[in-house]
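**Q** Before I ask anything, let me first share the structure, which is written out below as structure tokens.
The values are calculated or read from the model by the stated rules, or taken from the named source; none is laboratory data. Given the structure is predicted, the values throughout are model-derived calculations rather than measurements. Note that we place each Cβ from the backbone using ideal geometry, even for glycine, and neighbour counts take in every protein chain shown. Accessible surface is based on the protein model in full, side chains and every heavy atom, while ligands, DNA and RNA are left aside. Shrake-Rupley method; radii C 1.70, N 1.55, O 1.52, S 1.80 Å.
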Amino acid sequence: MCSAHSDLTAQAKIRDAAIAHFARDGFQKTNLRAVAATAGVSAALVIHHFGSKEKLRSVCDDHVLGVLVRRAHEAGTPGLLGEFMANPEEYQLKVRYMVRAIEEDTPAAGRFVDTLVAESESILRAGIADGSVRPSSDVRALAVLTVLTSLAMLTMAPPLTRALGHDGFGPEVLRRMTLPTLELFTHGLYADDAPLKAAKAAWETTQKNTAQENRDE
């Protein structure tokens, strides 16, 4: 009879094999026999531990989401980029898994994004409170922007990676983008606040016009 430790080890091996297959082949194309072969176990054992591919995927979702959120939080940087800039190779597979979930609009995609946005907002608010982050007119929107920036970079289209002189996305592209990204987050882009003032003025004018149109109806 297998010990409890070996049983847990088998579950972890199956989970890790499934993460690799889901990230590489997609959720629809991956089958349990392939996962079992990669994990070095029988397909029956996969069913014994997880019941179905959907339940196995749910376990993988929880594991990957937990790792990504924990590492982003420990890095003290909103979104994903801080941790992956520091150590892109270590978490590349989990990033690919998350990106695949978002690309295929799986049930996990909404959970991934909602959790990352909530975590980013929490980090931003804590930074604003302790003075390490500049105040924002809309912290929630800023959290969405940081996650959007991170995801956009991690899913860079081939033409964009080629514009940097690389054939495909990888650690070198991420390293190349590190300083410009941090420069933008730290110092901003514009030399003065003229664009911000113009945008605020335009927004206020739009709001006034909309309110007037509503009163006239």
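**Q** Between beta-carbons, use under 14 Å as the cut-off and find the net charge around Arg140, counting Lys and Arg +1, Asp and Glu -1.
**A** It works out to a net charge of -3.
**Q** Let me ask another. Please give the peptides 156-162, 91-97 ranked by average Cβ packing (other Cβ atoms within 10 Å per residue), highest first, as a rough proxy for protection.
**A** Result, highest mean first: 91-97, 156-162.
**Q** Right, another one. Could you list the chymotrypsin sites (Phe, Trp or Tyr not before Pro) in region 122-217 that lie in coil according to DSSP, counting only those with at most 10 other Cβ atoms within 10 Å of their Cβ?
**A** Passing sites in region 122-217 are Tyr190.
**Q** Give, rounded to the nearest 20 debye, the magnitude of the charge dipole that region 136-185 has about its Cα centre when Lys and Arg contribute +1 at Cβ and Asp and Glu contribute -1 at Cβ.
**A** It comes to approximately 40 debye.
**Q** Obtain the radius of gyration and the Kirkwood radius of region 86-178 from its C-alpha atoms and give Rg over Rh.
**A** Taking Rg over the Kirkwood Rh, I get 1.02.
**Q** Follow-up question, since we're still on this one. Grab the Cα-Cα distance for Asp130 and Thr186, subtract it from 0.36 nm times how many residues apart they are, and report the gain in nm with one decimal.
**A** Extra length from Asp130 to Thr186 when fully extended: 18.6 nm.
**Q** Show which lysines lie in cross-link reach of Lys208 when reach means a straight Cα distance below 30 angstrom and same-chain residues fewer than eight apart are skipped.
**A** List returned: Lys197, Lys200.
**Q** In addition: All other residues with a Cβ under 13 Å from the Cβ of Arg33 taken together, and with Lys, Arg as +1 and Asp, Glu as -1, what is their net charge?
**A** +1
**Q** Same structure again: How large is the Kirkwood hydrodynamic radius of the chain, in angstrom, based on all distinct alpha carbon pairs?
**A** 20.0 Å is the Kirkwood radius here.
**Q** Now for a separate question. Can you pull the one-decimal nm distance between simple spin-label points at Thr205 and Lys29, each 7 Å off the Cα toward Cβ?
**A** It works out to 5.1 nm between the two label points.
**Q** So, with a 1.4 angstrom probe, what is the percent of accessible area on the chain that is carbon and sulfur?
**A** The value for the chain is 56 percent carbon and sulfur by accessible area.
**Q** Please give every one of the lysines within straight-line cross-link reach of Lys53, meaning a C-alpha to C-alpha distance under 19 Å, and leave out same-chain neighbours fewer than 8 residues apart.
**A** Excluding near neighbours in sequence, the set is Lys13, Lys29, Lys94.
**Q** Can you give the FRET efficiency to the nearest 0.05 for Arg162 and Arg140, using r as the Cβ-Cβ distance and R₀ = 22 Å?
**A** FRET efficiency, Arg162 to Arg140: 0.05.
**Q** For every helix of n ≥ 4 consecutive DSSP H residues, a contribution of -39,500 (n - 2.57) applies; sum these over the chain, divide by its total residues, and give [θ] at 222 nm rounded to the nearest 500 deg cm²/dmol.
**A** Rounded to the nearest 500, the figure is -25000 deg cm²/dmol.
**Q** How far is helix 4-25 tilted off the main Cα axis of the chain, in degrees rounded to 10, range 0 to 90?
**A** The helix 4-25 is inclined about 60 degrees to the chain.
**Q** Mind checking which of Ser122, Ser58, Met156 is farthest towards the positive end of the chain's charge dipole, using Cβ charges of +1 (Lys, Arg) and -1 (Asp, Glu) about the Cα centre?
**A** Going by the charge dipole, the pick is Ser58.
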